[in-house]
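One structure below.
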Amino acid sequence: MTTGKQLTDKQLEILHDHYKETFTRLREAEASRDRLLIWVIGLFALLILEIGYPAAVGGTLGKLSVVGGELNLQSLPLPALLNATWVLTLAISLRYCQTTVLVNRQYPYLHSLEEAISPGLSGGDLYQREGKVYLREYPLLLDVAWFAYCILFPFILMFATVGLLIWEITRVDYPFYHKIFDTCIAGAIICFFFLYRMQPTLASKWRRWQTRSRRK
């Protein structure tokens, strides 16, 4: 990117506006990610209730208004409701992973904009709030929070998905084809979280190993 000393006032203005727009979109994506996180946790809690206490869940269901009509949820078979919950969990989990990847990919670009603009404004760290200034003397608590949020949480969800699936197969007396359907959906959820969290890390380590091997 062009250095700040070569930027005219007009270019700085354009970059500043673009930075503000990028930062706004990033904050909106972060807010969406946080809402999706709550949805994912809530849906896993619902899966626990549907698998562990299916009769109680069925008794608490009421009527749902859909396109001007009413749908009596209590009249729906519990296996179908569990299938629907798994599908909804899959959809929300996929969207959560997509949004989180979007946020993670936007921060390096935001930092590059700050590095381009800052030299044109007396230099230093004046315009690097989200980059150097934020990362300077980074608190241990935020490192722990990052580990819990980005590493521990995906692992917990993958293990929880396996546990719920095993629990459903061994505990709930539903038709076999419903369990096959749920197994496919659970496998997709695990795959999404693996691709979101584990695959980039493994791919990076593999590339570093290949680079070291070529140098030998």
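The values are calculated or read from the model by the stated rules, or taken from the named source; none is laboratory data. Everything numeric in this text was worked out from a predicted model, so none of it was measured. With ideal geometry, Cβ positions are generated from the backbone for all residues, glycine too; neighbour counts draw on all protein chains shown.
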> For region 157-188, what are the residues that are without any contact (Cβ under 8 Å) to a residue 12 or more places away in the chain and among the charged types (D, E, K, R)?
Replying inline: ASP173, LYS179
> Looking at region 145-158, is at least one residue assigned to a loop (DSSP other than H, G, I, E, B), at pLDDT below 80 and out of contact with any Asp or Glu (no Cβ under 7 Å at 6 or more places or on another chain)?
Replying inline: no
>> Return the pair list, or none, for Cβ contacts closer than 7 Å from residues in region 86-115 that are within 23 Å of LEU47 (Cα to Cα) to residues that are basic (Lys, Arg) and not in a helix (DSSP H, G or I), at least 6 apart or on different chains.
In response: none
> If you go through region 161-178, how many residues are assigned to a helix (DSSP H, G or I) and crowded, with 18+ Cβ neighbours inside 10 Å?
Replying inline: 5
>> For the structure I just gave you, tell me whether VAL57 is modelled with pLDDT of 85 or more and part of a helix (DSSP H, G or I).
In response: no
>> If I ask for residues that are β-branched (Val, Ile, Thr) and touching an Asp or Glu at 6+ places or on another chain (Cβ under 7 Å), which ones from region 78-110 would you list?
In response: THR85, VAL103
